[in-house]
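The values are calculated or read from the model by the stated rules, or taken from the named source; none is laboratory data. The structure presented is a predicted model; accordingly, all values stated were derived computationally and were not measured. Here the Cβ positions follow ideal geometry from the backbone for every residue, glycine too, while neighbour counts run over all protein chains shown. Protein only, heavy atoms only, side chains kept; ligands, DNA and RNA dropped before computing areas. Shrake-Rupley method; radii C 1.70, N 1.55, O 1.52, S 1.80 Å.
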Amino acid sequence: MNTGPAAMNNPAATSAPTSANSAVAKTATAIVNIASLVTNDPSLGDGTPLGLIQDAAVVIDGDRIVWVGESSKAPATDNRVDAGGRAVIPGFVDSHSHLVFAGDRTAEFSARMSGRPYRAGGIRTTVAATRAASDADLERNLRRYLDEALRQGTTTFETKSGYGLTVEDEARALRIAADHTDEVTYLGAHIVSPDYADDPAAYVELVTGEMLDACAPYARWIDVFCEKGAFDGDQARAILTAGKAKGLHPRVHANQLTYGPGVQLAVELDAASADHCTHLTDADVDALAHSSTVATLLPGAEFSTRAQWPNARRLLDAGATVALSTDCNPGSSFTSSVPFCIALAVRDMGMTPDEALWSATAGGAAALRRTDVGRLTAGARADLSLLDAPSHVHLAYRPGVPLVAGVWRAGVPVV
């Protein structure tokens, strides 16, 4: 099944612009004088996957979008915000991050930039610091990075456990995360716990048994790092299958460091997302293109480890759905900036500016199997960003420049 940009616009979930003559509460808020509005609905505006509307307006009532269209046709409302000829885009949907952690890995990064390659075992440094941290410390750290991401336009985020690797520490990480997002992922299978270094089978039994029982009430998703140095295909299948039996839906860290079974396993188990996708065979690309599993690319990791870039062009040309995310974590991708990842994807991964923005918004929503975010159409959640630029293309055109001038989340201005 082709699940590319056009296919992800579900007619049942996406509405055409409400007529200006339709009932729109006067107490609603209209954002007018928008130079370029990205709706991610190809039935609107210029007919591209972005559904660009020029000289546009958006009307928000409560936490929802109730109207989009040309600014001159906007319905009357008591509250109006002048966008001043700036662009408006959907809030970014960051579908892959690791934000519940403690400690610092500056020394590791510095050494790696001096020639030492990245290996999965570096996670153990963060595990030790996270176990030693208090709940308050972990939550304070989480809030810090969430606020940082919000200022850069991220309005929906997923985050994982994976830095505790004990029953108690994994459960508390998820409990803390669940206070801040519905998109919580159980990643007890990040690496084999150092406590079980001599008995990986016993750790898999723990992850699929007592730890899963303790963690499942706080999570929506289950993930596994299917990679040499972490978990092989059989172990990953056992972990994800156990999670599914508990009502958790799979995601997979797949094919990041080497070729391996991760992508094929993700498709087999109908995982929402196969994440990283750096080393892909033709069969892997074909499997993704003919499934509902999203290929989530994480260019911050390649930037921070000087690794091979994922080939987004190859995936897109095959018809796969692609998402862009930050992979924000203290070891291999310590960035919370989706705009930065967009710039990398355009510069080094073969994506156009339009494709990169779609992947960071609607693509991220697809990776979370959400239809209420990642788009700006009637009925969608009112998550949007005002850019200090006339076009979304400036996100890649002006890399490193803080272009997000305002953010609305669930209809509330938060930046």
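Send over the Kirkwood Rh of segment 230-356, from the inverse of the averaged 1/r over different Cα pairs, rounded to one decimal Å.
So the Kirkwood estimate lands at 14.7 Å.
Along each of the three principal axes of the Cα atoms of segment 207-265, give the extent in whole Å, ordering the values from largest to smallest.
Extents along the principal axes, in whole Å: 33, 17, 15.
Compute the long axis of helix 123-132 from its Cα atoms, compare it with the longest principal axis of the Cα atoms of the chain, and write down the angle in degrees, 0 to 90, nearest 10.
90 degrees
Below 8 Å, C-alpha to C-alpha, sequence gap of six or more: please give me the relative contact order for the chain in percent.
Once divided by the residue count of the chain, the mean separation gives 21 percent.
When DSSP beta bridges are limited to those with both residues in the chain, what percentage is antiparallel, rounded to the nearest 5?
Antiparallel: roughly 45 percent of the beta bridges in the chain.
If you split all Cα-Cα distances of the chain into 10 Å bins from zero, what percentages do you get per bin, shortest first?
5, 24, 32, 24, 11, 3, 0
Extension gain GLU148-ASP55, at 0.36 nm per residue separation less the Cα-Cα distance, in nm?
30.5 nm
I need the Kirkwood Rh of segment 92-201: take the reciprocal of the average 1/r across all distinct C-alpha pairs and report it in angstrom.
14.8 Å
Given the convex hull of the Cα atoms of segment 305-400, what is a quarter of its surface area in nm²?
Taking the Cα atoms of segment 305-400, their convex hull projects to 7.1 nm² on average.
Hey, can you rank 293-300, 370-377, 103-110 by average C-beta count inside 10 Å, highest first?
Result, highest mean first: 293-300, 370-377, 103-110.
Relative to the first principal axis of the alpha-carbon coordinates of the chain, what is the inclination of helix 233-245, with its axis defined by its Cα atoms, in degrees from 0 to 90 and to the nearest 10?
Approximately 60 degrees, to the nearest ten.
Can you list residues from other chains, or at least 5 along the same chain, whose modelled amide H is less than 5 Å from the amide H of ASN311?
Answer set, sorted by chain and number: none.
What lysines does LYS246 reach when the alpha-carbon gap must be under 18 Å and sequence neighbours fewer than 8 apart in one chain are set aside?
Leaving aside lysines fewer than 8 places away in the same chain, those within reach of LYS246 are LYS160.
For n ≥ 4 DSSP H runs only, could you compute -39500 (n - 2.57) per run for the chain, divide by its residues and tell me the 222 nm figure to the nearest 500?
Result for the chain, helices only: -9000 deg cm²/dmol.
Compute the angle between helix 338-348 and the longest alpha-carbon principal axis of the chain, please, reported from 0 to 90 degrees and rounded to the nearest 10.
80 degrees
Hey, what D do you get for segment 29-125 in µm²/s if you plug the Kirkwood alpha-carbon radius into Stokes-Einstein at 37 °C and 0.692 mPa s?
195 µm²/s
How much length, in nm to one decimal, is gained on full extension between ASP82 and ASP286, taken as 0.36 nm per residue of separation minus their Cα-Cα distance?
68.8 nm
What accessible surface, in Å², does a 1.4 Å probe find on ASP348, ignoring ligands, DNA and RNA and rounding to the nearest 10?
50 Å²
Could you state, as a whole-number percent, how many of the C-alpha pairs of segment 120-162 are farther apart than 17 Å?
Above the 17 Å cut-off, segment 120-162 has 44 percent of its Cα pairs.
Once you keep just the Cα pairs under 8 angstrom separated by 6 or more residues, what percentage relative contact order results for segment 37-103?
24 percent
Quote the FRET efficiency, to the nearest 0.05, computed for ASP179 versus ALA245 with a Förster distance R0 of 25 Å and r equal to the Cβ-Cβ distance.
With a Förster radius of 25 Å, E is 0.45.
Can you tell me the length gained on complete extension of the stretch ASP372 to ALA25, counting 0.36 nm per residue apart and subtracting the Cα distance?
122.8 nm
Size of the dipole of segment 286-415 about the Cα centre, Lys and Arg at +1 and Asp and Glu at -1 on the beta carbon, nothing else charged, in debye to 20?
160 debye
Between GLU268 and TYR397, how many nm apart are label points set 7 Å from Cα along the C-beta direction?
Those two pseudo-labels are separated by 4.7 nm.
Run the paramagnetic zone check for ALA197: 7 angstrom along Cα to Cβ, then residues of segment 206-241 with backbone nitrogen under 16 Å.
229-230
Protein chains only, probe 1.4 Å: how do MET113, MET351 rank by accessible area, largest first?
Most to least solvent-accessible, the answer reads MET113, MET351.
Please work out the Cα center distance from segment 57-91 to segment 392-415, rounded to the nearest Å.
Each part reduced to its Cα centre gives a spacing of 16 Å.
When Lys and Arg each count +1 and Asp and Glu each count -1, what net charge do the other residues less than 14 Å away from LEU315, Cβ to Cβ, add up to?
-4
Which far-off residues, 5 or more places away or on another chain, put their amide H under 5 Å from the one on ALA405, with H placed in the peptide plane?
Close amide H contacts, sequence-distant or interchain: LEU386, LEU387, ASP388.
Between beta-carbons, use under 12 Å as the cut-off and find the net charge around ASP388, counting Lys and Arg +1, Asp and Glu -1.
The answer is +2.
Could you tell me what % of all Cα pairs in segment 274-344 have separations over 17 Å?
Cα-Cα pairs of segment 274-344 separated by over 17 Å account for 39 percent.
For the chain, with every protein chain kept in place, what is the accessible area per residue (1.4 Å probe, Å²)?
I get 37 Å² per residue for this part.
Pop out the carbon and sulfur fraction of the accessible area of the chain as a percent, whole number, probe 1.4 Å.
On the chain, the fraction of accessible area on carbon and sulfur atoms equals 51 percent.
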